[in-house]
């Protein structure tokens, strides 16, 4: 979301405090640790599993998570490739919750061509027998919503060894699949991104397909809808979608080359620790804890080679 | 923030699912419970401890919490009464973090008259010997940041019986006092509201003075600042403050008569339970847990009497 998370800084006098912090480095801050990252601590995103949601204000880059939701990732790419979303709109901005996009005419949505309009849910997956599942870097911190939480290749996730379930968690900027009451009523024709405090009660109730790795502000700072649930009440309030493309289909010169910090490394463990116990002198009481959705997963535009 | 929290509803087919939910009421939803509220389940806000931050887009209503931060509540009212904030600006909109307002010229801020420009911090208070502290309605749910969490007269809060500390927590829409490195470097001349996922690591590190009970969208949906830490880089990007007033000083006809749900009642316990275990048929897996900052503290405009 941001290249470097804010370390201290509710200021009055922020820059003064930064200078002081550098003079008395009791513990390293997140930015200090991130500055030590080697090229190998970063990874690119797979262009075959990355979407560009192009809005008038700019591009939203979404990294899909086929390891967790293979059918939905596939279908959403099929939708993008048949240009399903082009000309549709962001139809909802619900304060402290989600922004949602798709067809404003929910009762008679645009017909799909090769993609599917209904798909069996992928709320969670069986992790013990899974192939191709990225390593789970478990946080030691307690979580009220799941027995175990941590990161899977850049995605916040949780798992329950007793039930053999693993799932992506509804942290800020995560992207999910709108559905009706039936489990198979979603398909990716209607998607949302979390733009407020993590609605973790949605975990395992809805298919999560990815994460916004760049441009979340083009969704999070939208005017709030004044209709029920934050839907826009008038057509002209909706934000038109210029296009949704699979990054691989976009000419290289027009791509946004996002890199994501690797989450299965000693560096990421050190970054997490820097958030768990933030440095003085600005911080007086280190929390001794970091909540899953407060772990910043750094992203950046790939440096020129 | 919202009068009625969204119950189900990431939809495709929301209205259909609502109808179904009404037909099969397995558990009551938040809205169902809130609809049973009696007039005594609501309370007004104290006009002597409520601020109106009037921006071009509308009014932000802030309820102060003098029980937790008496000196800061007093000083901020003194600042408002000497019209300190009028003509200053929202200077920062940091995505998934805070919006902050005060004097854009941090190095040479507007001089105060009767108010104080420095104030000893009020990070936490000693609750066991406190008079006038509202009852603490403890949540039974585990929390990683504090031994005990719950609500104190409409404010999310935490406490530690071992250290005899109680404090307000950095949930969405909470308002705090910007400061530099020194504990006494804040005064209320620079204030912020939480506009993203709860930055609970700030708890006990900064003085929290209240909560936005109406109009948070006028801060949370602002364009993000593109400077370091989300500060606006150009003067014209800042949002001018028309005025900040103590509600008691505003003619009754011009007041915004906000009511807040009482948090020390059986109804509030039932509301919390409705969030902890949300109703089918839309919800397939009740969370069995609600995190402190996911507890919606309902507000409304007082009905005509």
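See the values below:
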| read-out | value |
| --- | --- |
| Any hit, the stretch A:254-264, residues being touching a residue at least 24 places away in the same chain (Cβ under 8 Å) and on the phi > 0 side of the Ramachandran plot | no |
| Single condition residue B:100 does not satisfy, out of (1) surrounded by fewer than 23 Cβ atoms within 10 Å (Cβ to Cβ); (2) facing chain A (nearest Cβ under 10 Å) | (1) |
| Residue check, residue B:234 closer than 30 Å to residue A:292 by Cβ, without any contact (Cβ under 8 Å) to a residue 12 or more places away in the chain and either surrounded by fewer than 17 Cβ atoms within 10 Å (Cβ to Cβ) or in contact with a strand residue (DSSP E or B) (Cβ under 6 Å, 6 or more places away or on another chain) (or both) | no |
| Filter result (in contact with a helix residue (DSSP H, G or I) (Cβ under 8 Å, 6 or more places away or on another chain), outside any loop (DSSP other than H, G, I, E, B) and closer than 20 Å to residue A:152 by Cβ) within the stretch A:274-294 | A:275, A:293, A:294 |
| Of the criteria (1) free of Cβ contacts under 8 Å to residues at least 40 places away in the same chain; (2) within 13 Å of chain B (Cβ to nearest Cβ), which one residue A:225 fails | (1) |
| Residue that is surrounded by 24 or more Cβ atoms within 10 Å (Cβ to Cβ) and at pLDDT 95 or above, where the choices are B:139, B:219 | B:219 |
| Some residue of the stretch A:125-133 being more than 10 Å from chain B (Cβ to nearest Cβ), modelled with pLDDT under 95 and buried (at least 16 other Cβ atoms within 10 Å of the Cβ) | yes |
| Single condition residue B:233 does not satisfy, out of (1) assigned to a loop (DSSP other than H, G, I, E, B); (2) more than 7 Å from chain A (Cβ to nearest Cβ); (3) under 30 Å from residue B:302 (Cα atoms) | (3) |
| Test set (1) surrounded by 17 or more Cβ atoms within 10 Å (Cβ to Cβ); (2) touching a helix residue (DSSP H, G or I) at 6+ places or on another chain (Cβ under 6 Å); (3) free of Cβ contacts under 8 Å to residues at least 60 places away in the same chain - residue B:159 fails condition number | (2) |
| Residue B:245 being touching a helix residue (DSSP H, G or I) at 6+ places or on another chain (Cβ under 8 Å), surrounded by fewer than 21 Cβ atoms within 10 Å (Cβ to Cβ), touching a residue at least 12 places away in the same chain (Cβ under 8 Å) and more than 14 Å from chain A (Cβ to nearest Cβ) | no |
| Failed criterion for residue B:271 (all others in (1) more than 9 Å from chain A (Cβ to nearest Cβ); (2) within 29 Å of residue A:204 (Cβ to Cβ); (3) free of Cβ contacts under 8 Å to residues at least 60 places away in the same chain hold) | (3) |
| Only listed residue being within 24 Å of residue B:254 (Cβ to Cβ), at pLDDT 95 or above, surrounded by 21 or more Cβ atoms within 10 Å (Cβ to Cβ) and touching a helix residue (DSSP H, G or I) at 6+ places or on another chain (Cβ under 7 Å), chosen from B:79, B:53, B:64, B:34 | B:64 |
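The values are calculated or read from the model by the stated rules, or taken from the named source; none is laboratory data. Note that this is a predicted model, so its numbers are computed, not measured. Cβ sites come from the backbone with ideal geometry, for glycine too, and all protein chains shown count toward neighbours.
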